[in-house]
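Undergrad: The following block contains the structure, expressed as structure tokens.
Only the coordinates and a few stated rules stand behind these numbers; no lab work does. Computed from a predicted model, the values in this text were never measured in an experiment. Note: ideal-geometry Cβ built from the backbone for every residue, glycine included; neighbour counts use all protein chains shown.
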Amino acid sequence: MAEFVSLRDGIEQLVPDGASVAMEGFTHLIPFAAGHEIIRQEKRDLTLVRMTPDVIYDQLIGTGCARRLVFSWGGNPGVGSLHRFRDAVENGFPSALEIEEHSHAGMAARYVAGASGLPFGVLRAYVGSDLVKYTDVASILCPFTGEELAAVPALNPDVTIIHAQQADRRGNVGLWGITGVQREAVLAATTAIVTVEEIVDELSDHGPNHVILPSWTVTAIASVPRGSHPSYSMGYTKRDNAFYTGWDVISRDRDTFARWIDAFVLSHNGPEGYLAALEDESLLDVVLSG
Amino acid sequence: MVDVRDPTTVYTADEMMTVTAARHLRNGQVCFVGIGLPSDAANLARLSHAPKVILIYESGTIDTRPEILPLSIGDGELADRADLVVSVPEVFAYWLQAGRVDVGFLTAAQIDRFGNLNSTVIGSYKEPKVRLPGAGGAPEIAASAGEVIVMLRQSQRTFVPAVDFVTSVGFGRAGEGRVDYPGAGPTVVITDLGVLKPHADTHELILAAIHPGVELDKIRETIGWDVKVDDDLVTTDPPTSDELGTLRDLKARTAQAHSR
């Protein structure tokens, strides 16, 4: 059964150095507050797993938390590059980053296999792509038709962290809107941490694409309102597109990035401080002007 | 001569490209849309001549009709205005892989003369000069969509003799063609200067149309191989004031919404 914890305790007790950690959320419901807590606790040597690394992994890579990245698309959506990710891959700064990359379809199949307790996933993919030379994909023949297909190894993270709209008091988790690969990532993991917008008596009914994760599939739940900023939590918050656009300038320069992390993440004990700092318009000016 | 052109039909090269791409989408087709230029064009088609085009984004939003252009592939706008929202494993397995997509709409950092696309690295894979975002959904869109429309601005950096990395296959490095791939591959490449189409036998991209006012020399200067020109080269019709009006309204609504 899921245990209710503080964000700090959850990360401290359940995310050891060296773990493989999947923080999922496909543009929507990205667990940013949990990422910030990992930065505050200076976790090291993590294998970070995520289909779309996004700004959250740019921050974790830039602060030296990661040794390895498993992913399928590493950009700032609609804006451009992830500069800290690029600096790590191109220049080994702040430390070398091993990468293992797939296509989205391949990553999704890997999570499905992991959640299904199978050793590999099978799909019609990677044909004609140079990716096959550089990643863990094998060719397999269908035993019934003889068709050649791609096999990808199951993905079973040590820890999966997601952000959801709600948990009820028994620890059942509800999320809706774009639900990405979160159910598979939680069911594939050994340990699952969920941060939520709200703890409610009864989960709201949001129709057929409402994903429920029963309490007994989740390890720990922390209440973190607005814990997905600058991503969003449908029904609670809107995506902060201006933040994503502004991140390009912040992350382009090593020193500006370090000042931003210091001012918005490290100077605070938790997510409340981060949210308060966002309201202080002069703080960003100070960070940008150096 | 006095220029009597309607000022609303003075347009940018990007607008010409977006309008041309939108025209290639037919009403009722199922289209798997990438973010950026493809998303602009697909939504312009939906808001003009193809109101029944079915747009699918890889975030799992199916038959979505956004009022504003999404900045990201998973903006709330896409989910709010979708007929259904499915998981990411499902969108790739049940919808794309199973062959339910007529047209894939892609862009990339590089394209070669055989329509292969690179969105992974510039330089070598192990020691890249520029690390690009990577594959995302593109390899399977390129392989499995019924056909692929590519949109890319022309330059010596983008139109190269051989891509540094084949992220998504067109007709293969040597133009060998579509062996065992479910879809037909790139049928048209739309740029800011013209339109290229693969030759039926050699699979090499040939200039099929040139946008109004563009010189052939400009086309040659911005393509990194000796591009062949179709005997029946045509000039693209300029954007109509309706097309421009719809596109500009959409862009203006989008800019206003994203600045909030």
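Undergrad: Fewest Cβ neighbours within 10 Å first, please rank B:LYS218, B:LYS197, B:LYS126, B:LYS52 accordingly. Write out the running numbers ahead of the final one.
TA: Values: B:LYS218 15, B:LYS197 18, B:LYS126 7, B:LYS52 10.
Final ranking by Cβ density, sparse to dense: B:LYS126, B:LYS52, B:LYS218, B:LYS197.
Undergrad: Hey, got the average number of other protein chain Cβ atoms within 10 angstrom for residues in A:128-138? Display every interim value, and only then the final one.
TA: Values: counts 18, 14, 15, 9, 2, 3, 5, 1, 0, 0, 0.
Going residue by residue through A:128-138 and averaging, the value is 6.
Undergrad: May I pose another question? Going down the list A:LYS43/B:LYS126; A:LYS238/B:LYS52; A:LYS133/B:LYS129, which pairs span over 21 Å between their C-alpha atoms? Mind showing how you got there, number by number?
TA: Values: A:LYS43/B:LYS126 27 Å; A:LYS238/B:LYS52 28 Å; A:LYS133/B:LYS129 19 Å.
As for pairs spanning more than 21 Å Cα to Cα, those are A:LYS43/B:LYS126; A:LYS238/B:LYS52.
Undergrad: Output the antiparallel fraction of DSSP beta bridges having both residues in region B:7-259, as a percent to the nearest 5. Present the calculation step by step, with values, prior to reporting the outcome.
TA: Working: 17 of 36 bridges.
Percent antiparallel among DSSP bridges in region B:7-259 is about 45.
Undergrad: Also: Give the cross-link partners of B:LYS218 among the lysines, using a straight C-alpha distance below 19 Å as the criterion and excluding same-chain residues fewer than 8 apart.
TA: B:LYS197, B:LYS228
Undergrad: So if I take the centroid of the Cα atoms in region B:146-187 and the same for region A:204-219, what is the distance between those two points in Å?
TA: When both Cα centres are located, 41 Å separates them.
Undergrad: Taking only DSSP H segments of four or more residues, each worth -39500 (n - 2.57), what value at 222 nm results for the protein assembly as shown once the sum is divided by all its residues, to the nearest 500 deg cm²/dmol? Each step should come with its number before you reach the end.
TA: Numbers: 17 runs with 156 residues, N = 550.
Result for the protein assembly as shown, helices only: -8000 deg cm²/dmol.
Undergrad: Taking K and R as +1 and D and E as -1, what net charge do the other residues with C-beta under 12 Å from the C-beta of B:GLU90 add up to?
TA: Values: positive: A:ARG183, B:ARG100; negative: A:GLU184, B:GLU58.
In short, 0.
Undergrad: Averaged across orientations, what area in nm² does the convex hull of the alpha carbons in region B:13-96 project? Before the final figure, lay out each step's value.
TA: Values: hull surface 19.8 nm².
Spelled out: convex hull of the Cα atoms, projected over all directions, averaged, 5.0 nm².
Undergrad: Using only the alpha carbon atoms of region B:7-259, find the Kirkwood hydrodynamic radius as the inverse mean reciprocal pair distance, in angstroms to one decimal. Numbers along the way, then the final one.
TA: Details: mean 1/r = 0.0543 Å⁻¹.
Radius from the Kirkwood sum: 18.4 Å.
Undergrad: Rounded, prolate or oblate: which fits chain A when a ≥ b ≥ c are the square roots of the eigenvalues of the alpha-carbon gyration tensor, with rounded for a/c under 1.5 and prolate only if a/b beats b/c? Each step should come with its number before you reach the end.
TA: Numbers: a/c = 1.83, a/b = 1.20, b/c = 1.52.
It is oblate, given that a/c is not under 1.5 and a/b is not larger than b/c.
Undergrad: Another question, then. Just want the ordering: B:GLU90, A:GLU101, from fewest to most Cβ atoms lying within 10 Å of their own Cβ.
TA: Details: B:GLU90 18, A:GLU101 21.
Fewest-to-most ranking of B:GLU90, A:GLU101: B:GLU90, A:GLU101.
Undergrad: Enter the mean number of other protein chain beta carbons within 10 Å of the beta carbon of each residue in A:174-183, as an integer.
TA: On the way: counts 0, 0, 2, 10, 15, 8, 7, 5, 2, 2.
Mean partner shielding for this stretch: 5.
Undergrad: What does the C-alpha gyration tensor say about the overall shape of region B:151-246? Classify as rounded when a/c is under 1.5, otherwise prolate if a/b is larger than b/c, or oblate. Write down the numbers at each step before the final one.
TA: On the way: a/c = 1.81, a/b = 1.54, b/c = 1.18.
Prolate, since a/c reaches 1.5 and a/b exceeds b/c.
Undergrad: Taking the alpha-carbon centroid of each part, what is the distance from region A:232-264 to region B:203-220 in angstrom?
TA: 41
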